[in-house]
């Protein structure tokens, strides 16, 4: 087996910008990703840590170097891009300055003992894997929210004080975005702990209780999803981006697979939009949403497909807010999966009743 690895390189002492080196590795005795890094280092030394506790980003997903090569190639393929867990904080190749992570612990310092500090440090991957940190650099950090949960579980009498300490942060738990699609082999109990803290802080509302129409009321009825038995009109000449969010919808994916369109699948299509805190944090969600729709546009998408009304309302009904947030025109049409199914089935008279009411008419019929 041969791997093609693009390895992140940067030396803060001499490099103005990072770059990547190509490494073609013929796997012999190597069993893990750490073994691969060691083999590369033997030929061309670079900055990393020869430890099973070391973490990196592989093709944009955060991974521990203990991962086996079989698992690595099955999940990510044989063409791999390996980067530090924070490009912003990189100082020597895959090594970073984690002072920002260490400093966040001060918020709960009066409540912790040595074992708590060790546990906090063991969760460092979650600090840098969080997409929030890419938009709000002062974010309190997911490891601190995990620590807060564990400290409360250990001593319930400290709950009020711990929650008050968290609530004093200007960029606290309300900025959390899901880690589920960002960390390989993710432990979902981590999200449960963070959700518990958000609930205790009274930050969340269910998506059903939220109003995602900031600018105009949207009373569109997309109807039910039509089963695709025979495609009458495919989308052979179209580039389509599908915003999946945290969970992919099987109906939408199956439909897209039958349309002969080019599917644009970038990492932003999996972004969590922090919808449960939209009522107190809509500006943050707009930052995320504008990044998603502009990424689709910049990758030559003709349409952005969504699979639920909440996502449609967010992207289609708030054009002015999205434009003000991004500083760019937001002109990409957004279409609901039910509309796309009707178009594929040739039900043009039915679907045009909703298409013409979009903020940006896709002009497909």
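The values are calculated or read from the model by the stated rules, or taken from the named source; none is laboratory data. These numbers come from a predicted model, not from an experiment. Positions of Cβ are backbone-derived with ideal geometry, glycine not excepted, and every protein chain shown enters the neighbour counts.
Go over the candidates 31, 22 one by one and state the one that is in contact with a strand residue (DSSP E or B) (Cβ under 9 Å, 6 or more places away or on another chain) and surrounded by 12 or more Cβ atoms within 10 Å (Cβ to Cβ).
Working: 22 fails: surrounded by 12 or more Cβ atoms within 10 Å (Cβ to Cβ).
Only one candidate qualifies: 31.
Is there a residue being under 22 Å from the mean Cα position of the chain (by Cα), in contact (Cβ under 8 Å) with a residue 24 or more places away in the chain and part of a loop (DSSP other than H, G, I, E, B) anywhere in the range 209-220?
Just the residues of the range 209-220 that are under 22 Å from the mean Cα position of the chain (by Cα), to begin with: 210, 212.
Now narrow it down to the ones that are in contact (Cβ under 8 Å) with a residue 24 or more places away in the chain: 210, 212.
Keeping just the survivors that are part of a loop (DSSP other than H, G, I, E, B) gives 210, 212.
Scanning the range 209-220, I find at least one residue that is under 22 Å from the mean Cα position of the chain (by Cα), in contact (Cβ under 8 Å) with a residue 24 or more places away in the chain and part of a loop (DSSP other than H, G, I, E, B), so the answer is yes.
Tell me which of these residue 340 doesn't satisfy, since it passes every other one: (1) within 21 Å of residue 207 (Cβ to Cβ); (2) in contact with a strand residue (DSSP E or B) (Cβ under 9 Å, 6 or more places away or on another chain); (3) touching a residue at least 60 places away in the same chain (Cβ under 8 Å); (4) crowded, with 22+ Cβ neighbours inside 10 Å.
Just one mismatch for residue 340, condition (1).
Considering only the range 269-282, state which residues are closer than 12 Å to residue 135 by Cβ and modelled with pLDDT of 95 or more.
Going residue by residue through the range 269-282, those that are closer than 12 Å to residue 135 by Cβ are 271-274, 281.
Correct list: 271, 272, 273, 274.
Hand me the list of strands (runs of 3 or more DSSP E) wholly inside the range 51-159 holding 2 or more residues that are free of Cβ contacts under 8 Å to residues at least 12 places away in the same chain and under 23 Å from the mean Cα position of the chain (by Cα). I'd like the intermediate steps shown before the answer.
On the way: elements: 55-58, 61-64, 79-83, 90-92.
Correct list: empty, since no element meets the threshold.
Does the range 294-302 contain any residue that is closer than 21 Å to residue 252 by Cβ, surrounded by fewer than 19 Cβ atoms within 10 Å (Cβ to Cβ) and in contact (Cβ under 8 Å) with a residue 60 or more places away in the chain?
Checked the range 294-302: at least one residue is closer than 21 Å to residue 252 by Cβ, surrounded by fewer than 19 Cβ atoms within 10 Å (Cβ to Cβ) and in contact (Cβ under 8 Å) with a residue 60 or more places away in the chain.
Consider residue 245 carefully, then state whether it is surrounded by 15 or more Cβ atoms within 10 Å (Cβ to Cβ), more than 23 Å from the chain's Cα centre (by Cα) and at positive phi. Don't jump to the end; show me each part of the working.
On the way: surrounded by 15 or more Cβ atoms within 10 Å (Cβ to Cβ): yes; more than 23 Å from the chain's Cα centre (by Cα): no; at positive phi: yes.
No.
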